[in-house]
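For reference, the structure discussed in these notes is given below.
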Amino acid sequence: MNNIAISIKNLVKNYDGTEAVNNISFDIKQGEFFGFLGPNGAGKTSTINAITGIANFNSGKIEVFGSDVVKDYRKARSYIGLSPQEFNFDPFLNVQQILVYQCGYYGIPKAICTKRAKELMKLFGIYEKRNASIRALSGGLKRRLTIARALIHKPKILILDEPTAGVDVELRHYLWDFLKKLNKEGTTIFLTTHYIEEAEKLCDRVCILHKGKILEIDDKKKLMKRFAKSQIAIELKDKLKTIPKNIKKYNYKIDGNNLIFFEDKTKINEILNSIKKNEIEIVDINIESSSLEDIFINMVKNG
């Protein structure tokens, strides 16, 4: 089987003359935890809809494990479990029926579907609600059910569109742990999220999308190494009246008794030696590096 889980080539999607997705191309490898990041309207959900067949696209090609999503829709779609951002349950079905019926769409015998539904309901803590209607579930329980439904046919790829939107902190961390475990067991995960901390904790590689175009796509660690900036704050015992020459060569600013350097943290010893040569007494040192969120905000701002 092709080790490329999802391959997107020159994808274009327009809505009433507005280009939601503008000629984007990327591949997701089998077993990857891939983050698809961007502000509202960036084209994230439009891309997911194109992959899963929810919406047509104007041009380009999408393959899932080598199967064309248009020419061989059934096979391509069978590889994917989709957890959408919006809740879209049949209001006339109870929790167990929703899972069993979803499983049946993939041609799986009812006995197996029922067994899998029971396993997933217990795994996600919704078994006690198995006979409850959707109207009786809280937002957090609906989110658990959404992900359980996506996994009912044991897909090779799990697509999550804002999976922790509107859930409490406890459930968010539970889902993070579950998704990390699922990925380690071999499931390819495609994640869109507004919580950049989520992508930073979970993803191997990230794509930053803005106005339908890819701004950057790279390994998370490489991306942070390329774009992250360090801030070295050194608190001095006394405020400097003049700045020594050997300090002026750095990118810095003065804030009261603090000398703040905007330099890579690998220069910390060099900076400290420059300060000590001037017999300046240091009280405290604090080093901060840019987070993925800092990088994301900066890219979108300038994109």
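Just so you know, all these numbers are worked out from the coordinates, no wet-lab data involved. Remember, it's a predicted structure, so these values are computed and weren't measured experimentally. Glycine also receives a Cβ, built like all others from the backbone with ideal geometry; neighbour counts cover every protein chain displayed.
If you take the Cα Rg of the range 71-193 and divide it by 2.2 N^0.38 Å, with N the number of residues, what do you get?
1.00
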Binned at 5 Å starting from 0, the alpha-carbon pair-distance distribution of the range 178-303 in whole percents comes out as 2, 9, 17, 16, 12, 10, 11, 9, 7, 4, 2, 1, 0
Mean shadow area (nm²) of the C-alpha convex hull around the range 1-73 is 4.9 nm²
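Provide the FRET efficiency to the nearest 0.05 for the residue 4-residue 105 pair, computing r from the beta carbons and using R0 = 35 Å.
Computed FRET efficiency for residue 4 and residue 105: 0.85.
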Whole-number value, in Å³ per residue, for the convex hull of the alpha carbons of the chain is 172 Å³
Going through 75/301; 71/220; 71/221; 156/220 one by one, the pairs whose alpha carbons sit over 28 Å apart turn out to be 75/301; 71/220; 71/221
The range 123-196 and the range 1-21 have their Cα centres apart by a whole-number Å value of 25 Å
Plugging the Cβ-Cβ distance of residue 19 and residue 70 into 1/(1 + (r/R0)^6) at R0 = 22 Å yields, to the nearest 0.05, a FRET efficiency of 0.65
A correct fewest-to-most ranking of 103, 113 by other Cβ atoms within 10 Å would be 113, 103
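Can you give the Rg to Rh ratio for the range 229-302, taking only C-alpha atoms and Rh from Kirkwood?
Across the range 229-302, the Cα-based Rg/Rh ratio is 1.03.
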Output ordering of 136-145, 54-63 (per-residue mean of other Cβ within 10 Å, highest first) is 136-145, 54-63
Burial-style ranking of 251-264, 157-170, average other-beta-carbon count within 10 Å with highest first, yields 157-170, 251-264
Full extension between residue 272 and residue 138 adds, at 0.36 nm per residue less the Cα distance, a length in nm of 42.8 nm
Cα extents of the range 161-228 along the principal axes, largest first, in whole Å, come to 31, 26, 21
Per the Cα gyration tensor, the range 21-142 corresponds to an equivalent ellipsoid with semi-axes, largest first in Å, of 30, 18, 13
Residue 218 neighbourhood, Cβ < 11 Å, K/R = +1, D/E = -1, net charge +3
Subtracting the Cα-Cα distance of residue 248 and residue 301 from 0.36 nm times their residue separation yields 16.1 nm
The FRET efficiency for residue 285 and residue 123, from their Cβ-Cβ distance with R0 = 45 Å and rounded to 0.05, is 0.45
Counting only Cβ distances under 4.7 Å between cysteines, those in the chain with no partner are 203, 207
Helix 292-302: inclination vs the chain longest Cα principal axis, degrees, rounded to 10, gives 90 degrees
Excluding residues fewer than 8 positions from residue 211 in its own chain, the aspartates and glutamates with Cα under 17 Å of it are 16, 19
